[in-house]
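The values are calculated or read from the model by the stated rules, or taken from the named source; none is laboratory data. Remember, predicted model here, so these are calculated numbers, not experimental data. So basically every Cβ, Gly included, is an ideal-geometry build from the backbone, and we count neighbours across all protein chains shown. For the accessible areas, the whole protein counts, side chains as well, though only heavy atoms, and no ligand, DNA or RNA atoms are used. Shrake-Rupley method; radii C 1.70, N 1.55, O 1.52, S 1.80 Å.
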Amino acid sequence: MVGAGSAAAQPISGAAAVSSAPTSGVVGADGSSVVSVNHVEGQRYDVVVRSAAMDRTVDLQVLRPADTSVPRPTYYLLNGASGGEDPSSNWPDQTDVVPFFADKNVNVVIPRAGAFSYYTDWLADDPELGRNKWETFLTSELPPLMNAALGTDGRQAVGGISMAASAVLMLAANAPGFYSSVTSFSGCANTSDDLGAAFVKLVVEARGGGDTDNMWGPTGGPGWIANDALLNADKLRGTPLYLSTGSGLPGFDDTLTSARIGGDVAALVNRVIVGGGIESITDHCTRVFAGRLAELGIPATVDFRGPATHSWAYWQEDLHKSWPFTAASLGL
């Protein structure tokens with residue numbers, strides 16, 4: 001039986017029976033389509049889809065299940081601020097996500113796009129960041145394409161880090177029942193208060209060169225309120241939630257001997273000061289959000305994992321620790 005979100009999706013032509021390779025040429029009634037499929041190695045494929053809403057193609061990295069003899073669910077895993085568009089900020093390049101899922105019966109779909117967009121539908125096109133209709137893409141266009149191209153069972157979960165850790169909460173809030181669960185690693189749910197808005201502007205404007213007025217309108221206005229997961233927490237009732245964050249203090253991977261640091265003193269200083277500072281903010285945000293969920297009587301699994309900066313080693317650990325939670329929500 002197809003999940004609630006999938007059932008509401010538009011009809012698909014070109015759907016194929018379950019097979020190992022994703023099916024190319026699948027077309028949605030809205031004009032979105034699977035443009036190409038290229039086998040990388042093993043269960044890993046590069047897939048290009050076209051978004052009708054954004055009038056652009058989007059690159060995906062897709063991991064197929066260990067066993068494709070029957071339909072399997074899908075885990076949409078989102079990257080951080082850069083959208084995974086560069087190797088330094090991408091799940092497959094920075095973690096063991098590929099071997100980790102090699103023996104698991106789930107499709108994993110990782111977009112390599114959406115830099116500095118907050119994976120939301122922007123009010124207007126941006127001169128620097130273009131047309132962003134990511135909520136439409138992720139909840140309306142992409143799932144039916146993947147359900148057909150991958151022969152899924154219609155169930156889906158979503159997870160994300162940093163920027164995407166905030167975004168996945170609102171994706172789920174705006175589509176009740178669509179996701180079997182949400183995993184949010186090092187995010188900041190409160191986007192409209194002073195701290196949250198400053199965090200958003202750091203990503204969109206300082207790093208991305210975009211204009212948040214084009215995203216959600218004037219700061220503190222209705223658009224910002226509507227996209228604040230803390231203020232809209234009640235919409236998450238009924239969706240299993242997993243939240244995690246470090247404290248911002250140096251952790252096990254924040255040393256000169258870490259393979260990711262490689263003896264680079266400047267890299268370590270940046271990790272401890274910048275990465276530590278950002279993670280201390282997400283720690284505060286997560287504590288506030290967890291408190292609000294408790295007030296509302298909304299269950300959530302929360303992991304305050306102690307010393308850790310805003311960096312990949314800890315998100316890999318999060319992925320491993322949260323997988324039993326995600327798998328259970330998908331019936332695995």
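In the range 304-317, how many are open to solvent by 50 Å² or more (accessible area, probe 1.4 Å) and over 20 Å from the mean Cα position of the chain (by Cα)? Write out each step before concluding.
From the range 304-317, those open to solvent by 50 Å² or more (accessible area, probe 1.4 Å) are 304, 307, 317; that's our starting set.
With over 20 Å from the mean Cα position of the chain (by Cα) added as a condition, the list becomes 307.
Going through the range 304-317 one residue at a time, the tally reaches 1.
Which of (1) open to solvent by 40 Å² or more (accessible area, probe 1.4 Å); (2) free of Cβ contacts under 8 Å to residues at least 60 places away in the same chain; (3) within 20 Å of the chain's Cα centre (by Cα) is the odd one out, the single condition residue 301 does not satisfy?
If we test residue 301 against (1) open to solvent by 40 Å² or more (accessible area, probe 1.4 Å); (2) free of Cβ contacts under 8 Å to residues at least 60 places away in the same chain; (3) within 20 Å of the chain's Cα centre (by Cα), just (2) comes out false.
Report, ordered by the first and then the second residue, all pairs with beta carbons closer than 8 Å, sequence separation of six or more or different chains, a first member in the range 318-332 that is buried (at least 20 other Cβ atoms within 10 Å of the Cβ), and a second member that is part of a helix (DSSP H, G or I).
Short answer, once both residue conditions are applied: 319/97; 319/100.
Residue 231 passes all but one of (1) hydrophobic (A, V, I, L, M, F, W, C); (2) open to solvent by less than 30 Å² (accessible area, probe 1.4 Å); (3) farther than 16 Å from residue 185 by Cα; which number fails?
(2)
Out of the residues in the range 38-68 that are β-branched (Val, Ile, Thr) and over 20 Å from residue 114 (Cα atoms), state the one that is surrounded by the most Cβ atoms within 10 Å (Cβ to Cβ).
First, pick out the residues of the range 38-68 that are β-branched (Val, Ile, Thr): 40, 47-49, 57-58, 62, 68.
Among the residues that remain, those that are also over 20 Å from residue 114 (Cα atoms) are: 40, 68.
Details: 40: 13, 68: 17.
That would be 68.
Collect the residues in the range 34-47 that are under 15 Å from residue 149 (Cα atoms) and out of contact with any helix residue (DSSP H, G or I) (no Cβ under 7 Å at 6 or more places or on another chain), keeping them in residue-number order. Steps first, please.
Of all residues in the range 34-47, those under 15 Å from residue 149 (Cα atoms) come to 34-39, 43-47.
35, 36, 37, 38, 39, 43, 45, 46, 47, listed by residue number.
I'd like to verify a number: residues in the range 204-228 that are assigned to a helix (DSSP H, G or I) and open to solvent by less than 10 Å² (accessible area, probe 1.4 Å), how many? Break it down stepwise before answering.
Of the range 204-228, the ones assigned to a helix (DSSP H, G or I) are 204-207, 212-216, 222-226.
From what is left, the residues that are open to solvent by less than 10 Å² (accessible area, probe 1.4 Å) are 204, 212, 215, 224.
Matching residues across the range 204-228 total 4.
Find the residue count for the range 111-126, including only residues that are among the aromatic types (Phe, Trp, Tyr) and farther than 21 Å from residue 92 by Cα. Walk me through it before giving the result.
Just the residues of the range 111-126 that are among the aromatic types (Phe, Trp, Tyr), to begin with: 116, 118-119, 122.
So of that shortlist, the ones also farther than 21 Å from residue 92 by Cα come out as 122.
Adding up the residues that qualify gives 1.
So how many residues does the range 191-202 have that are surrounded by fewer than 24 Cβ atoms within 10 Å (Cβ to Cβ) and assigned to a loop (DSSP other than H, G, I, E, B)?
So the answer is 2.
Among the hydroxyl-bearing types (Ser, Thr, Tyr), out of contact with any Asp or Glu (no Cβ under 7 Å at 6 or more places or on another chain), surrounded by 21 or more Cβ atoms within 10 Å (Cβ to Cβ) and part of a helix (DSSP H, G or I): does that describe residue 282? Spell out the reasoning first.
Values: among the hydroxyl-bearing types (Ser, Thr, Tyr): yes; out of contact with any Asp or Glu (no Cβ under 7 Å at 6 or more places or on another chain): yes; surrounded by 21 or more Cβ atoms within 10 Å (Cβ to Cβ): yes; part of a helix (DSSP H, G or I): yes.
Answer is yes for this residue.
Residue 271: part of a helix (DSSP H, G or I), surrounded by fewer than 21 Cβ atoms within 10 Å (Cβ to Cβ) and charged (D, E, K, R), yes or no?
Values: part of a helix (DSSP H, G or I): yes; surrounded by fewer than 21 Cβ atoms within 10 Å (Cβ to Cβ): no; charged (D, E, K, R): yes.
In short, no.
Scan the range 69-101 for residues that are open to solvent by 10 Å² or more (accessible area, probe 1.4 Å), part of a helix (DSSP H, G or I) and more than 20 Å from residue 120 (Cβ to Cβ) and jot them down.
87, 88, 92, 93, 94, 98, 99, 100, listed by residue number.
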